[in-house]
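Laboratory data are not the source of any read-out in this text; all were calculated from the coordinates shown. Computed from a predicted model, the values in this text were never measured in an experiment. Neighbour counts are summed over all protein chains in view; Cβ atoms, including those assigned to glycine, are modelled from backbone coordinates with ideal geometry.
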Amino acid sequence: MNWINNVVRPKIRSFLTTKREVPDNLWVKCPESGQMVFYKDLEANQFVVPGSNYHFRMAADVRLKHLFDNGEYVKIPLPSVPVDPLKFRDGRRYTDRLKDARAATQLEDAVLVGEGTLDGLPIVAAAQDFRFMGGSLGMAAGEAVITGMMRAVEKKTPFILFAASGGARMQEGILSLMQMPRTTIAVQQLREARLPYIVVLTDPTTGGVTASYAMLGDIHIAEPGALICFAGPRVIQQTIREQLPEGFQRAEYLLAHGMIDMVVHRHKMRETLSRICRLLMANKSLGKAKAKGLNGHAYLNGSGTEGHIIDPRASDEVIEAEPVPDEERFTPSRLDKREKAARENEAGSARPHSDDGARSP
């Protein structure tokens, strides 16, 4: 009897009924409004909830596809680094955590670097993926950022970084913290090459990334509602034992207090980055025009412009001011003729006159 109940009847039910497997992410709930959004609709809307404009986190490869023309870009090969230099182990081995993260994201590490065109302008861009161990900064991530910056210097293109990180990777200890000064030196090389470095701060950007290359850009753009900080608000509140202001360390709060330059909606991010890159690369275009024999002249907005007026640093020549002795600075010989004549007329009209109309001596 048990054989019939346990084996035969379940077999018959399996033939008569079909079980449909529903994906876990078929519907997504908005954390702010509680709205249920179909995943395909959310994906088509660049992971922005239509009703509340809440910005979900995006994968690194998806960000680069939305940035480059036609979603096409070339991945820049990254140098290999030691996998587990400290032989670290907490609850699990560090190597096991890396294997799981690579299987879930299909990435080698937390940073993806690519090169392509943005509205026809060549650029190099890097994106951090928060899914890969919280986008933490380790040796591989540091090498990826440095490689991307050096590629931009080599190609003379702007460098755009999408930052999303929980901070330094503790499994690599001091080797992780060393990436902060290394990436800072790479940023300095971008500046010496006079190339734009634009940082897009996404949710969340915290810890050692905020304390290094994420806050060294020429222009800082943030997505709406992004958490941007070094230490989180909960840690700060527990330390100072005071109630923090509403929206503390969010993008809008930082914009109001002058820490970032602008907050841009994800749907307008691409056109904003394209416009900024073209404005900041205008000096490079003028330099190329001068090299072609146009005598330093170019046209901006339909009017002729001198190249040295746009960028006073474009020339290495230093023009020294002509020294003038102090006794010659304000002598009458240096006054304008009109001013001198006006002074004489004033002096003449101020003299007293006689009764017959003749001037007195």
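Label-to-label distance, residue 62 versus residue 74, with points set 7 angstrom from Cα along the beta-carbon direction: 2.8 nm. Between residue 234 and residue 100, full extension at 0.36 nm per residue minus the direct alpha carbon distance yields a gain of 45.4 nm. Cα extents for the stretch 129-200 along the principal axes, largest to smallest and rounded to whole angstrom: 35, 22, 14. Taking a ≥ b ≥ c as the square roots of the Cα gyration tensor eigenvalues, with a/c under 1.5 meaning rounded and otherwise prolate when a/b beats b/c, else oblate, which class fits the stretch 179-236? In terms of gyration-tensor shape, oblate.
Considering only Cα atoms, the convex hull volume of the stretch 58-280 works out to 125 Å³ per residue.
Relative to the compact-globule scaling 2.2 N^0.38 Å, provide the ratio for the alpha-carbon radius of gyration of the stretch 73-118.
Values: Rg = 13.7 Å, N = 46, 2.2 N^0.38 = 9.4 Å.
Rounded to two decimals, the normalised Rg is 1.45.
If R₀ is 30 angstrom, what is the calculated FRET efficiency for the pair residue 191 and residue 271, using the beta carbon separation as r and rounding to 0.05? The computed FRET efficiency comes out at 0.70. Within the stretch 146-187, the percentage of alpha carbon pairs spaced more than 13 angstrom apart rounds to 63%. The simple Förster model, with R0 at 22 Å and r as the Cβ-Cβ distance, assigns residue 121 and residue 253 a FRET efficiency of 0.10. Normalised by the number of residues in the stretch 58-280, the mean separation of alpha-carbon contacts (under 8 Å, six or more apart) gives a relative contact order of 16 percent. Per residue, the convex hull spanned by the Cα atoms of the stretch 99-150 measures out at 73 cubic angstrom.
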